1. Report every pair of residues separated by at least 6 positions or lying on different chains whose Cβ atoms are under 6 Å apart, first residue within segment 19-35 and on the phi > 0 side of the Ramachandran plot, second surrounded by 14 or more Cβ atoms within 10 Å (Cβ to Cβ) and modelled with pLDDT under 85.
2. One residue is enough: does segment 40-55 have a residue meeting the conditions out of contact with any helix residue (DSSP H, G or I) (no Cβ under 8 Å at 6 or more places or on another chain), at pLDDT below 85 and under 23 Å from Ala119 (Cβ atoms)?
3. Hey, any hits in segment 77-87 for a residue that's at pLDDT below 90, surrounded by 13 or more Cβ atoms within 10 Å (Cβ to Cβ), among the β-branched types (Val, Ile, Thr) and out of contact with any helix residue (DSSP H, G or I) (no Cβ under 7 Å at 6 or more places or on another chain)?
4. Out of the residues in segment 88-131 meeting the condition of being surrounded by 13 or more Cβ atoms within 10 Å (Cβ to Cβ), touching a strand residue (DSSP E or B) at 6+ places or on another chain (Cβ under 9 Å) and not in a helix (DSSP H, G or I), tell me which one is modelled with the highest pLDDT.
5. Is it fair to say Arg70 is of a type in the set (Lys, Arg) and at pLDDT 90 or above?
6. Every residue in segment 55-76 that is more than 14 Å from Asp41 (Cβ to Cβ), loosely packed, with under 12 Cβ neighbours inside 10 Å and out of contact with any strand residue (DSSP E or B) (no Cβ under 8 Å at 6 or more places or on another chain), please.
7. Condition first: within 17 Å of His25 (Cβ to Cβ) and under 14 Å from the mean Cα position of the chain (by Cα). Now tell me which residues in segment 53-79 satisfy that.
Amino acid sequence: MGEHAQAIGRSRGGRTSKIHALTDHLGRPIGFELTAGQHGDAPVALALLAPWPSARLCIADAAYDSNGIRSFLLARGTVPVIPNNPTRKQHHPFDRSAYRKRNLIERAFCRLKDFRRIATRDDRRADVFLSAV
């Protein structure tokens, strides 16, 4: 039951956790994954998306820009709306007007972080923290 098992990691800001969320087209959260703060975003995306049915669009930020995620989404018939990571050598086009809808996930996180218990991660155990989320 170490820190890694409880999704607590070290980053520049100290001991942190990351909440990865999936929302529907109205911005309602439907899926969550919890990782340690220093872990990347892209490796978690496939585990978060796989159990859910495919959608017309998948809007994500540049942290989720990887060939694996793009090919997974295209194989499901989902159009990836992901801006290119600045370090990417081969750029992929994306719909900037559709990307504006990403504010739905940002607003969902704002509502979630209104709860102090979630914003400060007072819970030591990951399962208790996820139940609060």
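The values are calculated or read from the model by the stated rules, or taken from the named source; none is laboratory data. Keep in mind it's a predicted model, so treat the numbers as computed, not measured. For neighbour counting, all protein chains shown are included, and Cβ atoms are generated from backbone atoms with ideal geometry for every residue, glycine included.
1. Matching pairs, first to second residue: Gly27/Ala108.
2. No, every residue in segment 40-55 fails to be out of contact with any helix residue (DSSP H, G or I) (no Cβ under 8 Å at 6 or more places or on another chain), at pLDDT below 85 and under 23 Å from Ala119 (Cβ atoms).
3. No - not one qualifying residue is present in segment 77-87.
4. For segment 88-131, the residue satisfying everything is Asp95.
5. yes
6. Matches in segment 55-76: Asn67, Ser71, Ala75.
7. Cys58, Ile59, Ala60, listed by residue number.
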